[in-house]
Amino acid sequence: MTDSFLEEFKDPKLAKRLAESISAITLDRPVTVMHVCGTHEHAIGRAGIRAVLPKGLRLVAGPGCPVCVCPARDIDLAVAAARIDDVTVTTFGDMFRVPSTTSSLEEEKASGGDVRVVYSPLDAVEFARKHPERRVIFIAVGFETTAAPIAASLLAGPPENFFILPSLRIIPPALTFLLEGGAGPVEGFILPGHVSTVIGVDGYRFLDEIFHVPGVIAGFEPVDVLRAVRELLAQIGGEKKSSVVNLYRRVVNEEGNRKAQDAIAKVFRVDDVEWRGIGTIPNSGLVLRSEFERIDAVKHLGLTVDTEPVDIRPGCLCHKVILGESEPEECKLFGEACTPRRPHGPCMVSSEGTCRARYQYRPVNQKPRE
Amino acid sequence: MCLGIPMKIVEMDGQEAVAIAGGIRKRIRLDLLDGVQMGDFVLIHTGYAIEKLDAEEARETLELIKQVYRAGMTGETEETTS
């Protein structure tokens, strides 16, 4: 087996034909569909997919960036940890520059705090093993895809000087929240391909069974996204019965990755947690089970923050962008007071953020705001 | 964040393995996946293999897409039931 089968998905001729077939669709009313994955936003931006959509179809980005929805309080706690002498804070790179209420991990590092960017929880565990004199904290942020490796690294028995700051969230309760009125009239979802490797098609059955809303699991090549759009339109238009469809079968199966699900369930339990700019979503977070509480950095280090957390700074529209209610371009700060170099809100900091992706793929001839 | 990189398994030793893609070699863990074999393509996320890539499903999907390509704007026959 060669990997040519993966390369073929990138064939621009296929994407062009699919794009033409989608452009030719006529809608008799405005329709909004949503994806909930930062990687999808990049695929859409990079390929210019919004430019080929039928007139009247809005493809919006929902809460698909785990770093963007991580509440300021959690970053405030990480900042507090970074100020303790014998503590090393390890984090995925995306979290490094996200503003907390009064600081960021980047600023703490500049002020002498020991903050290190890692690619994997394994790197953080390894660092802890090599530095028994330090207490090493890993900021556990992410969705199901990331929760599974973190759970596996905890089940493998990390050293006693290793702790996590739990800020993991799961996608299905967020979709429920959106459908129960948390967002505008979303009529269908493009479902996140790699979260789906863990939870499978079964993880989304409620979309159809409870809400009668279509969902399409999609990969990350332009052809994958285009096929998902076409499938959603066929279901919304009534040509097909509404259902949850898996168009990413080369990776995702019906029941998902049971081993990954088991690892998550052994280490974590679900609880109500806050999403930055959105508020509390019931049963949408993963917190450590009592058997693993000894590695909870907040409890072990007695971390506290004095200041009232500020999730959304004045002028920032992140809270509306995250819900798909506003486009980044509608924000007065976008591209001017808020850029990747000098970000104002979390959606511009993380590479997965909607504002960041929209800025990166903005038209080169876009005129400055008047 | 949920970025998954398809890589090919070229060495295995218990739950540890080495995978390659585009000239990059990486040590990865297999704790989250049963039945991985040498030469398998797996999706890697934060150092762990989280799922196998199914070449047969990939070929079928490509064939469906190509049918659209050949059919042009009419006569789509794609079967997309889950």
Across the range B:40-65, the tally of residues that are more than 7 Å from chain A (Cβ to nearest Cβ) and not in a strand (DSSP E or B) stands at 5
Mind checking whether some residue in the range A:36-47 is on the phi < 0 side of the Ramachandran plot, buried (at least 17 other Cβ atoms within 10 Å of the Cβ) and touching a Lys or Arg at 6+ places or on another chain (Cβ under 6 Å)? no
All positions within the range A:121-141 that are crowded, with 24+ Cβ neighbours inside 10 Å and farther than 20 Å from A:Pro309 by Cβ: A:Pro121, A:Ala124, A:Val136, A:Phe138
Take A:Lys299 and tell me if it is more than 14 Å from chain B (Cβ to nearest Cβ) and assigned to a helix (DSSP H, G or I). yes
Test A:Arg358 against the stated conditions and say whether it is among the basic types (Lys, Arg) and either at pLDDT 95 or above or buried (at least 16 other Cβ atoms within 10 Å of the Cβ) (or both). yes
Looking at this structure, is A:Gly285 exposed (fewer than 14 other Cβ atoms within 10 Å of the Cβ) and under 18 Å from the mean Cα position of the chain (by Cα)? no
Looking at (1) touching a strand residue (DSSP E or B) at 6+ places or on another chain (Cβ under 6 Å); (2) modelled with pLDDT under 95, which one does B:Val10 not meet, given that it meets all the others? (2)
Looking only at the range A:245-265, filter to residues that are crowded, with 22+ Cβ neighbours inside 10 Å and farther than 30 Å from A:Phe292 by Cβ; which one of those is farthest from the other protein chains (Cβ to nearest Cβ)? A:Tyr248
Residue pairs meeting the criteria (Cβ under 7 Å; at least 6 apart or on separate chains; first touching a residue at least 24 places away in the same chain (Cβ under 8 Å), in the range A:310-322; second basic (Lys, Arg) and surrounded by fewer than 24 Cβ atoms within 10 Å (Cβ to Cβ)): A:Gly315/A:Lys332
Residue pairs meeting the criteria (Cβ under 6 Å; at least 6 apart or on separate chains; first away from chain B (no Cβ under 14 Å), in the range A:121-135; second hydroxyl-bearing (Ser, Thr, Tyr)): A:Arg134/A:Thr88
Considering only the range A:211-228, I want to know if a residue exists there that is more than 10 Å from chain B (Cβ to nearest Cβ), within 30 Å of A:Glu133 (Cβ to Cβ), buried (at least 22 other Cβ atoms within 10 Å of the Cβ) and not β-branched (Val, Ile, Thr). no
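The values are calculated or read from the model by the stated rules, or taken from the named source; none is laboratory data. From a predicted model like this one, the values you see are computed outputs, not experimental measurements. For neighbour counting, all protein chains shown are included, and Cβ atoms are generated from backbone atoms with ideal geometry for every residue, glycine included.
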